[in-house]
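*Asks:* Following this message is one structure expressed as structure tokens.
The values are calculated or read from the model by the stated rules, or taken from the named source; none is laboratory data. Computed from a prediction, not measured in an experiment: that's the story for all the values here. Backbone-built Cβ (ideal geometry, glycine too); neighbour counts: all protein chains shown.
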Amino acid sequence: MIATLAAQADKLAWQDWTVIGVYFAVIGVVAWLSSRKQNTSEDYFLAGRNIGWFAIGGSLFASNIGSEHVVGLAGSGSTSGMMMAHYELHAWCLLMLGWVFIPFYKRSGVFTMPEFLEKRFNATARGILTIVSLLAYVFTKVSVTVYAGGMVIATILPELTVATPWGVVDPFWTGALLTVLLTGVYTIFGGLRAVVWTDAFQAIILLAGATTLTLIGLSKLGGWDIANGWEILRTTVSANKDSFSLWRPASDPDFPWVGVLFGAPIVGIWYWCTDQYIVQRALAARDIKTARRATIWGSVLKISPVLVFLVPGMIAWALQANGVLTLPVDAETGKIVEGKVFPTLVTELLPTGVRGMVVGGLLAALMSSLSSLFNSCSSLFTIDIYEKLHPEASEKHLVTVGRLATALVVGLGIAWIPIMPMVSKYGLYGYLQTVQAYLGPPITAVFLLGLFSRRINGSGAVAGLSVGFSLAMAKLACQIANDQMTGLGLIGQFGAMNWLYFSLLLFGISVVTIVVVSLLTPRQSAEKISGLTYGSMTDADRKELRQSWNWFDVIVTAAILAVIVGIYVYFSFGFWTT
């Protein structure tokens with residue numbers, strides 16, 4: 001998302017700015033109201049474990065959807081059609097969090113995912129996951145999101161320059177600093193409660209803006225008839241079925257169907273079920289029932305990007321194919337500039353006032369992702385590092401450390417800003433994203449095996465994490481080397497291996513390592529793992545689990561799964577006309 005809303009900067013009327021101003025005012029009020037009574041570490045990091053399902057579900061969705069996500073999906077829809085829908089339909093992974101993982105997380109009373117690994121395995125497994133998570137957050141998620149924030153604000157307000165004694169600060173720097181500081185303030189003082197409630201509000205703004213854009217786009221395509229617009233979209237896109245289809249050949253260099261079907265879910269389970277960035281919201285629920293219903297509500301929201309973020313990209317392409325809209329094209333390659341598809345739709349299709357709502361939604365996506373990152377990093381450092389070193393620390397002291405840790409992450413985000421243009425220049429943005437895909441499989445293997453097998457022990461978990469992370473970093477290094485040099489032989493072939501196939505291979509290696517090492521070392525005591533695996537649950541645990549759901553939860557879950565399957569079937573067969 002190097003260029004996003006530059007084209008519309010001079011088209012924002014005073015009504016648009018009023019809408020944006022109201023958005024920031026409401027965010028300020030929500031953050032202030034939710035920032036009170038932050039007296040204990042449980043208050044600050046888990047909102048007192050007293051948040052309802054609606055707010056948590058909204059936060060789960062908003063944390064996932066960043067501004068680069070919104071703009072990127074629209075751009076992807078215009079060039080590769082439904083390919084990225086697979087990742088949005090991972091809403092079933094969110095259901096898996098609620099039904100499979102949450103009962104153990106809540107019962108164990110943990111604050112963080114590394115803390116759960118210590119309870120299930122040992123302190124070494126906790127330490128490895130803590131360090132890897134913090135490094136991954138600061139140098140991938142935080143840095144990329146801060147960079148994206150600077151670009152968003154710079155393109156919305158290209159005139160936003162600030163004169164200082166050291167020279168003029170350009171719009172990118174001003175935007176990045178404003179993004180980090182504004183989000184950092186309410187995260188530092190409000191803790192998770194402020195993050196969750198602002199996320200819930202931001203999710204509403206984001207969906208309202210994107211839905212409006214989709215409906216207006218279909219109306220424009222169909223001569224102000226939405227149903228007719230959908231039929232025209234189907235007919236137009238079907239003429240390029242090979243480029244826009246949901247499934248690609250197994251030989252596809254980027255998204256082979258085998259890798260998408262079997263490799264992508266491994267990363268999805270890691271992200272939605274074991275990553276602190278996501279799971280921390282569910283841990284703030286009052287009880288298992290509330291947490292599960294939050295994930296059910298979140299999964300409903302998670303399905304929406306297919307229709308309101310991805311489909312608009314195809315609408316943009318169809319509008320251009322029908323001579324209604326002109327999309328920006330790269331002068332050298334002649335290809336559509338993906339980063340400009342979403343802003344072009346906003347500029348050309350939306351009326352005054354609504355345009356401001358959509359821009360507000362884009363800022364909402366940015367701030368919700370960033371605030372969640374700040375809070376998760378703070379929790380990991382305070383609970384998994386500081387409290388381990390200072391077990392005598394008071395609750396008030398831990399809250400103070402948490403705020404300082406958040407401020408430190410904010411500072412690191414600012415310090416990373418000068419590096420990000422160089423990262424973008426040399427095309428390393430993609431590498432920052434693939435780091436997360438390479439780190440996921442070993443973690444997924446450890447958590448799944450840890451829950452479903454009593455025989456898996458701490459030695460196996462540590463070996464699996466160590467081998468998995470080492471191979472992941474080796475793959476990343478070979479990938480970078482292969483892109484920069486030729487004639488590397490086996491190293492080059494390893495580096496060139498498709499990232500989805502590698503994720504699948506890495507998961508298999510991690511599973512084998514964990515199982516073999518566990519079988520060769522003594523099993524853990526029954527007391528150590530009591531209640532932490534399905535096989536070691538007590539009668540009281542099973543009773544509590546059964547009482548945490550009713551048939552309403554089952555029916556709604558089944559309905560969501562049916563919708564996901566229905567979307568797969570429709571966009572695999574029914575969407576394409578002959």
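*Asks:* Name the single residue, out of those in the stretch 239-254 being in contact with a helix residue (DSSP H, G or I) (Cβ under 8 Å, 6 or more places away or on another chain) and assigned to a helix (DSSP H, G or I), that is farthest from residue 315 (Cα to Cα).
*Replies:* Restricting to residues being in contact with a helix residue (DSSP H, G or I) (Cβ under 8 Å, 6 or more places away or on another chain) and assigned to a helix (DSSP H, G or I), the top hit is 243.
*Asks:* Would you check which residues across the stretch 1-33 are among the polar types (S, T, N, Q), under 30 Å from residue 375 (Cα atoms) and at pLDDT 55 or above and list them?
*Replies:* Within the stretch 1-33, 18 is the sole residue that qualifies.
*Asks:* Just checking, does the stretch 350-363 include any residue being among the polar types (S, T, N, Q) and farther than 30 Å from residue 241 by Cα?
*Replies:* Yes, the stretch 350-363 contains a residue that is among the polar types (S, T, N, Q) and farther than 30 Å from residue 241 by Cα.
*Asks:* Sticking with this structure for a sec: Of the residues 290, 344, which is at pLDDT 90 or above and polar (S, T, N, Q)?
*Replies:* Unique residue meeting the criteria: 290.
Results for (1) surrounded by 12 or more Cβ atoms within 10 Å (Cβ to Cβ); (2) more than 20 Å from residue 106 (Cα to Cα); (3) of a type in the set (Phe, Trp, Tyr), shown as yes or no for each residue.
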site	(1), (2), (3)
504	yes, yes, no
509	yes, yes, no
519	yes, yes, no
539	no, no, no
551	no, yes, yes
563	yes, yes, no
572	yes, yes, no
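*Asks:* Out of the stretch 183-227, which residues are hydrophobic (A, V, I, L, M, F, W, C) and surrounded by fewer than 20 Cβ atoms within 10 Å (Cβ to Cβ)?
*Replies:* Across the stretch 183-227, the qualifying residues are 185, 189, 204, 208, 215, 224, 226, 227.
*Asks:* Another question about this same structure. Quick check on my filter: what residues within the stretch 42-99 are small (Gly, Ala, Ser), closer than 22 Å to residue 289 by Cβ, out of contact with any strand residue (DSSP E or B) (no Cβ under 9 Å at 6 or more places or on another chain) and at pLDDT 80 or above?
*Replies:* Scanning the stretch 42-99 gives 55, 57, 58, 63, 91, 98.
*Asks:* Among 396, 388, which is the only one that is assigned to a helix (DSSP H, G or I), surrounded by fewer than 21 Cβ atoms within 10 Å (Cβ to Cβ) and modelled with pLDDT of 85 or more? It would help to see each step written out before you state the result.
*Replies:* Numbers: 396 fails: modelled with pLDDT of 85 or more.
Result: 388 is the single residue among 396, 388 that is assigned to a helix (DSSP H, G or I), surrounded by fewer than 21 Cβ atoms within 10 Å (Cβ to Cβ) and modelled with pLDDT of 85 or more.
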